[in-house]
1. Which whole-number percentage describes the relative contact order of the range 1-58, with Cα contacts under 8 Å and a sequence gap of 6 or more?
2. I'd like to know how the chain sits against the 2.2 N^0.38 Å rule of thumb: what's its Cα Rg over that expected value?
3. If you take the beta carbon distance between GLU219 and THR46 as r and set R0 to 25 Å, what does 1/(1 + (r/R0)^6) give as a FRET efficiency, to the nearest 0.05?
4. Count the DSSP beta bridges whose two residues both fall in the chain, then state the antiparallel fraction as a percent rounded to the nearest 5.
5. Subtracting the Cα-Cα distance from 0.36 nm times the residue separation, let me have the gained length for THR96 to LYS235 in nm, one decimal.
6. Rounded if a/c is under 1.5, else prolate if a/b beats b/c, else oblate: with a ≥ b ≥ c from the C-alpha gyration tensor eigenvalues square-rooted, which is the range 78-124?
7. Quick one: if the Förster radius is 30 Å, what FRET efficiency do SER176 and LYS23 give, using the C-beta to C-beta distance and rounding to 0.05?
8. If the only charges are +1 at each Lys and Arg Cβ and -1 at each Asp and Glu Cβ, what is the size of the charge dipole of the chain around the Cα centre, to the nearest 20 debye?
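Read-outs throughout are calculated quantities, based only on the coordinates presented, and are distinct from any laboratory measurement. Remember, it's a predicted structure, so these values are computed and weren't measured experimentally. All Cβ positions, even for glycine, are placed from backbone atoms using ideal geometry, and neighbour counts span all protein chains on display.
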Amino acid sequence: MAQAQRRALHYVFKIGKRTETTKFYRDVLGMKVLRHEEFEKGCEATCNGPYDGKWSKTMIGYGPEDSHFVVELTYNYGIGSYKHGNDFLGLTLHSTTIIEKAKQLGYPVTQEDGLDVVVCPDGYKFKVVNKPTEGCPVKVYSLASSNMAKSVDFWTRLVGMTVFKQEEKRALLGFSEDQCQLELVDVGMPIDHATAFGRVAFGFPGAQVPEMQTLMESEKQTILTPLVSLPTPGKATVTVVIVADPDKHEICFASDEDFRQLSQVDPEATKLLDEAIAADKSDEWFAKKGKTKAAA
């Protein structure tokens, strides 16, 4: 199976503060809304988490999903916040403007491992390398590991990634050096996914998606959602399998041919998102009742 045919697609964040968070992505990170979709009931593959109600999906990034690693913002209408664990450690971006914009707009900037760090209103961390970008500005997504040997074995032997760099507590892996790469960090403790847990998605040639399920089953790995076809109103249906790595990080393997059709940039995306935000009266309703939205 050729690695060059496999690609990293996006990382999923569950958000409760849709208005504030999408403003952060646009005004601070400088991303664009690529597509926006509304759903009346929960996803068969739990794309929106273990919730059955109305939800929305906003794909946001620096360019088309065919050539960029992007972010999926999942919003459940009845939920205002999610508890963060120690599982997701941040996205690393290359940019000469993000930190200046963050400071101008009053977002705190901290330091971690020599990098500037900003945090979005829903609590997800962005590490910024202050340099002009080549290719997609989103370079690395970092996940915690409780056992580096097990993690590296899973991601190389079963998922098919290559190790580009490895130290005692860190490893950098991917399908190719020009794609967004996975950083595994040994945190020396069990991984807590809490309720804000996310999911990384990969595009695989369609025939390889059911093969991944068979491989994971034969290796006694966790299958979260067996092979299923996911419809999106007015767009392509995509076949996926959802699995978990040894630390229970969720992974979506999607049929790349179908996903490329689904993920075309929608010129109406910003308008659709803004209309959905304007029509969402849930914050007002809770305020009138003297309540706050549920915490997941």
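1. This gives 26 percent for the range 1-58.
2. 0.97
3. Once rounded, the FRET efficiency stands at 0.70.
4. Around 65 percent antiparallel, to the nearest 5.
5. 46.5 nm
6. oblate
7. 0.35
8. Charge dipole, the chain, about its Cα centre: 780 debye, nearest 20.
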